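Below is one structure, written out as structure tokens; comments come after it.
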Amino acid sequence: MDLIRRNTDYALRLAANLAMEYNSQSALSATVLSKKNNVPYPLTCKLLQKFQQAGIVKSTMGSKGGFQLARDPKEISFQALIETIQGPISVNRCLLGPYSCPMKGHCPLHPKLVGLQKEIEHHLAETTLADVAGAKPAQMRTSGEQNHD
């Protein structure tokens, strides 16, 4: 199972694209974002709506309308983006809220899983859209290779 679900991966791509346009102050339409990021249009709209409800993006109507980040890419963590789309990431359900494991208190795995969870959370909280805004897209693959993203 993937820690980051496919829809969340799509949403991260959309947000990264908006981060790359942040300084230009240009709004990008859902159609443009959909095409540039190879995300189905209806899903693009749904993901952008979730980001808008969370205050991550803002939209404007009209011929020059579209979507923009609502705040500086340095202020938007991957953790916030991921949690907006799929909720918190957990290495194991014993680390999620009220779940009561019968091994609680004497599980030899628990300390290591807690450490891994903390590392993941720290990395996601520290990684921002600004970190990817200047990143170059992956080199085009040769015709014989397939993209499994």
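Worth pointing out:
- Within a straight-line Cα-Cα reach of under 17 Å, residue 50 can be paired with the following lysines, leaving aside sequence neighbours fewer than 8 residues apart in one chain: 58.
- To the nearest ten degrees, helix 110-126 and the longest principal axis of the Cα atoms of the chain are 20 degrees apart.
- Seen against the Cα atoms of the chain and their longest principal axis, helix 41-53 is set at about 70 degrees.
- 5 Å-binned pair-distance histogram of the range 6-133 (Cα, whole percent): 2, 10, 19, 20, 15, 10, 8, 7, 5, 3, 1, 0, 0
Bear in mind that the values in this text are calculations on the coordinates, not laboratory data. Treat the numbers as computed from the prediction; the structure is a model and nothing was measured.
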